[in-house]
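Down below is the structure, laid out as structure tokens.
Please treat every number below as a calculation from the coordinates, not as lab data. Everything numeric here is computed off the predicted structure, so don't read it as measured data. Counting neighbours? That spans all protein chains shown, and the Cβs are built from the backbone with ideal geometry, glycine included.
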Amino acid sequence: MKETTEILNENRVFINEILGIFKKVFETKMEWSAFEAFWEEEKRNGNPYAKAIVSYDLSERKCIVLIDHRYIELDVSMPLSKNIEKYFSKRKKALDKSDKTKAALENIVDKLIPKKAIVPAQKRELYWFEKFHFFISTENELVIGGKNAQQNEIIVKKHLEPTDLYFHCDIHGASSIACKGRSEVTIEEASYMALCMSKCWDEGVIKPVFYVEPDQVSKSAPSGEYITKGSFMIKGKRNIMNPYRLEYGIGLLFKLEGSQNILEFSSNPADDAKILYGLPVSAPWICVKNYKYKIRLCPASEKKSKLCQDIKTSFESLSEGTLEEKYVKSIGLDEYMNVVPGKSKIAKLLK
């Protein structure tokens, strides 16, 4: 049997192309969900490099490739020469161990191949609103918010419609929220999004939230003043809301066969439901708390990649033996990374 270092040496050109793909992802700061879609599309198109990538973890900068019938883990942050040196060093140490130790190491390597290599990542089209903060309210109405100043501009200029409501927390740099519903329940839920998707979350403070009609939002500054990118002037009376808890939630929604509306999902599929895929969402806890799959979050400074992995593991464990199991396990880590708010931790469920 060929050694890993030998396989890597014989396939230098091919593997360098794969490493080059990941290098481009990090250099261009490509969204992970976008890369996931690109990878799946290229595999369907028969791209040999995409097909050779069995699985990957962008947060850890690792990938597993299948070359010459061998699964090989690569550190995509290092050049090929460094990966070869790493395996050569491992092999040298292994030669000094007993046959029993070698067998144990091979068993460990097998276990290190992530489940993603066995359970394929789900294939679905991304919704236009997934690039923003978003959630679907209890009344089945879409609420979106900007993740940065540029997205605030896009939301107000492109997605804030006359029938919507505009929400904002009274603190500098807060997200601009477009609420596409006017029910009392949706208004309350949107106010929590405006509070939590602002500096209030990181600073641990509570501030008032206001909402106004779209025609009250303007980029026209008074004479002699300047409005920065992502900021707006508010004309007229503001409707004040006072959300009183810094809490958010992560949950799973399921798209069912036969659903016609883009916002039609189920948070607790029936036993005879035909599921197409699962969708991770972050939303105000008052919206998520009745989901079958939900986790409550509060402000903290836990590493985001670890938090997302803990959430993923928790949901997968909960799904064992259920109708949703294979759909929950096919949700990639990057999908959680896209929706989990920064500087958070898992909090206790409130009764």
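A few points about this structure:
- Within the shell of other residues whose beta carbon sits under 14 angstrom from the beta carbon of Glu213, the net charge comes to +2, with Lys and Arg scored +1 and Asp and Glu -1.
- Loop-located GluC sites (Glu not before Pro) in segment 266-329, at most 12 other Cβ atoms within 10 Å (DSSP): Glu320
- Backbone phi angles across segment 257-270, fed through the Karplus curve with coefficients 6.51, -1.76 and 1.60 (θ = phi - 60°), yield HN-Hα couplings of 4, x, 5, 9, 7, 4, 9, 8, 9, 10, 8, 8, x, 5 Hz in residue order; Gly and Pro are listed as x.
- Virtual paramagnetic centre 7 Å along Cα→Cβ of Lys348, amide N under 14 Å, in segment 244-275: none
- What separates the Cα centres of segment 329-345 and segment 39-72 is a distance of 21 Å.
- Where the Cα pairs of the chain fall when distances are cut into 20 Å bins, in %: 26, 49, 21, 3, 0
- As a calculated quantity, the FRET efficiency between Ser59 and Glu139 at R0 = 35 Å, using C-beta atoms, amounts to about 0.50.
- The chain, helix-only ellipticity at 222 nm - DSSP H runs n ≥ 4, -39,500 (n - 2.57), divided by all residues, nearest 500: -10500 deg cm²/dmol
- Sequentially through segment 235-251, phi angles give Karplus couplings (6.51, -1.76, 1.60; θ = phi - 60°) of 9, x, 6, 9, 8, 9, 10, 10, x, 10, 10, 8, 8, 9, x, 10, x Hz, Gly and Pro residues having no value and appearing as x.
- Sparsely packed GluC sites (Glu not before Pro) within segment 222-297, loop by DSSP, other Cβ within 10 Å at most 12: Glu225, Glu257
- FRET efficiency for the Ile227 to Lys207 pair, using the beta carbon distance and R₀ = 25 Å, is estimated at 0.75.
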